[in-house]
Amino acid sequence: MNFAVVNLGCKVNRVESDAAAAVLLAQGASPAREEDADLIVVNTCTVTGEAEKKTRKAVRRALRTNPTATVVVTGCAAAVDAAFYESLDERVECVAKAALSARVRKLANDMGARSPLVASLPVGAGFRSRVGVKVQDGCDNACTYCIVHVARGRATSRPADEVTAECVALAAAGVREIVLTGINLGSYCDGAKRDASAMRLAGLLRRLLGETERLRAPGELPCRFRISSVEPRDVDDALVDLLATADGRICRHLHLPLQSGSSKVLREMARPYDADQFRALVERLHAAVPGLALSTDIIAGFPGETDVEFQETLDVARACRFAKIHAFPYSRRDGTPAAERTDQVPPEVKAARAAALRSLGDELRTAERIRRVGTVELALVEEAGIAMTESYFEVAAPTGIPVGALTKVTIDGASPPSEAMRVRCLPLSVQ
């Protein structure tokens, strides 16, 4: 049988989609275009109103493109409004994330796929060289612009034993960079949250470093780990110390969402920090980990945001020396407090502010790359002649180094390779 996986949304979705594709490949199923697939899995996003529109479009396109395929709809949009998607066509089946792997395995068997002959690891042709491992799901925060805590539920963490076994298996299979992911990754806790002895994120990382180090052959570079995203409130002393002392085995790069540089706007977003606290954290991180690179998310045009408050955001972003800014114009999401506000920022103002943020992001990224010219970092060779450095800069991959290998590179001032050069993963139709 043939299958296609359509992935929308965040990096956690991507990890979950890769896991589903790996299960199907292990069953002997073959990746195909949507129009040729017997089974189409659409992993949905509903974080904003615009994301919801893209999700509905993707499901309708799957149904229109292929009049016979079974269409499994999963992810946040399906969790919030399963009835809508199942009303589109009798071929649509909404499946919860926790049940996805078992369900696609059953569907594959029903469609004639053989029993799995190999482990279902997202490794090899059709998957990324940097492999994500989901260690946490859900969120206990309730930011006023966000619906994800409704779609994903309360924060939960995978047992450390289970995470360790998966990471060891990936490292044994030759994976040289593992990206730990979660909806609120920094809240990871294996044990009771009030138990001081429970294992937190830093403790999990220390264990993973030790367990994967044992697999290293003499002269071989060990597997390294990357933290996908962490909330400012969750960056504790233990995590800072580990970043400073891990000698690059935990990439000296953090994605630290700012969302706004205005303390007033942050309050109205229900973010648990103010602008001064965020700047102080960044200063502490740079002092402890001199080679650290920081990326961030910023929302432009949150309801009620004034020109002065937006300028505060630009000022904080510049002071923090972000190596990359993901700028998003605010998008109303029904069911959130922010969507009910009457002081919505006009679309043209939101667009202009997002453009200003992107321009600043380009300026800061260029400056950060120039600051690193002549420095040596380990980079993971990816597809199409591209390598990703520890600090999350793309460089040309050295000739003769195989895909998936770690190699030392000297950063230069050249423009990074175009994203268009990437070879897209076969099992997924990435939106």
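The values are calculated or read from the model by the stated rules, or taken from the named source; none is laboratory data. These figures come from a predicted structure and were not determined experimentally. Cβ sites come from the backbone with ideal geometry, for glycine too, and all protein chains shown count toward neighbours.
The requirement of being modelled with pLDDT of 95 or more, touching a Cys at 6+ places or on another chain (Cβ under 6 Å), within 26 Å of HIS149 (Cα to Cα) and assigned to a helix (DSSP H, G or I) is fulfilled somewhere in segment 261-276, by at least one residue. Considering segment 301-322, and only residues there that are out of contact with any Lys or Arg (no Cβ under 6 Å at 6 or more places or on another chain) and part of a loop (DSSP other than H, G, I, E, B), the residue that is nearest to ILE147 (Cα to Cα) turns out to be PHE302. For SER197, are the conditions met, namely being assigned by TED's automatic domain parsing to the domain that holds ARG158, farther than 16 Å from VAL133 by Cβ and among the hydroxyl-bearing types (Ser, Thr, Tyr)? In short, yes. Look at segment 270-283: where a residue is under 19 Å from PHE302 (Cβ atoms) and a partner is loosely packed, with under 14 Cβ neighbours inside 10 Å, sitting 6+ places away or on another chain with Cβ atoms under 7 Å, you get ALA270/ALA142. Inclusion of ARG341 among residues that are at pLDDT 95 or above and farther than 30 Å from HIS286 by Cα is warranted. Within segment 359-412, the set of residues being of a type in the set (A, V, I, L, M), part of a loop (DSSP other than H, G, I, E, B) and surrounded by fewer than 21 Cβ atoms within 10 Å (Cβ to Cβ) comprises VAL373, ILE401, VAL403, ALA405, ILE411. Checking each residue in segment 234-268 for being more than 29 Å from ILE178 (Cβ to Cβ) and either surrounded by 20 or more Cβ atoms within 10 Å (Cβ to Cβ) or in contact (Cβ under 8 Å) with a residue 60 or more places away in the chain (or both) picks out SER260, GLY261, SER262, VAL265, LEU266, GLU268.
Could we say that GLU231 is over 30 Å from ASP343 (Cα atoms), modelled with pLDDT of 95 or more and surrounded by fewer than 20 Cβ atoms within 10 Å (Cβ to Cβ) here? Give the steps one after another, and end with the answer.
Working: over 30 Å from ASP343 (Cα atoms): no; modelled with pLDDT of 95 or more: yes; surrounded by fewer than 20 Cβ atoms within 10 Å (Cβ to Cβ): yes.
Taking the combined requirement at face value, the residue does not satisfy it.
Examine segment 211-224 for a residue that is at pLDDT below 95, of a type in the set (D, E, K, R), under 21 Å from THR156 (Cβ atoms) and touching a helix residue (DSSP H, G or I) at 6+ places or on another chain (Cβ under 9 Å), and state whether such a residue exists. Looking through segment 211-224, none of the residues is at pLDDT below 95, of a type in the set (D, E, K, R), under 21 Å from THR156 (Cβ atoms) and touching a helix residue (DSSP H, G or I) at 6+ places or on another chain (Cβ under 9 Å).
Scanning segment 269-289 for residues that are buried (at least 20 other Cβ atoms within 10 Å of the Cβ) and charged (D, E, K, R) gives a single hit, ARG271.
So that you can scan it fast, the table gives a plain yes or no per residue for (1) of a type in the set (D, E, K, R); (2) in the same structural domain as ALA165 (by TED's automatic domain parsing); (3) closer than 30 Å to VAL175 by Cα:
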{"site": "ASN43", "(1), (2), (3)": "no, no, yes"}
{"site": "LYS57", "(1), (2), (3)": "yes, no, no"}
{"site": "LEU63", "(1), (2), (3)": "no, no, no"}
{"site": "PRO67", "(1), (2), (3)": "no, no, no"}
{"site": "ALA79", "(1), (2), (3)": "no, no, no"}
{"site": "ASP89", "(1), (2), (3)": "yes, no, no"}
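Per the conditions (1) in the same structural domain as ASN43 (by TED's automatic domain parsing); (2) within 21 Å of the chain's Cα centre (by Cα); (3) charged (D, E, K, R), the sole criterion not satisfied by ARG152 is (1). For LEU221, the conditions (1) touching a residue at least 60 places away in the same chain (Cβ under 8 Å); (2) under 26 Å from GLY361 (Cα atoms); (3) of a type outside the set (Phe, Trp, Tyr) all hold with the exception of (2).
Please verify whether segment 294-307 includes one or more residues that are in contact with an Asp or Glu (Cβ under 7 Å, 6 or more places away or on another chain) and either under 24 Å from MET388 (Cα atoms) or not assigned by TED's automatic domain parsing to the domain that holds PRO337 (or both). Checked segment 294-307: no residue is in contact with an Asp or Glu (Cβ under 7 Å, 6 or more places away or on another chain) and either under 24 Å from MET388 (Cα atoms) or not assigned by TED's automatic domain parsing to the domain that holds PRO337 (or both). Counting only residues that are more than 24 Å from ALA169 (Cα to Cα) and of a type in the set (D, E, K, R), segment 216-251 holds 6 of them.
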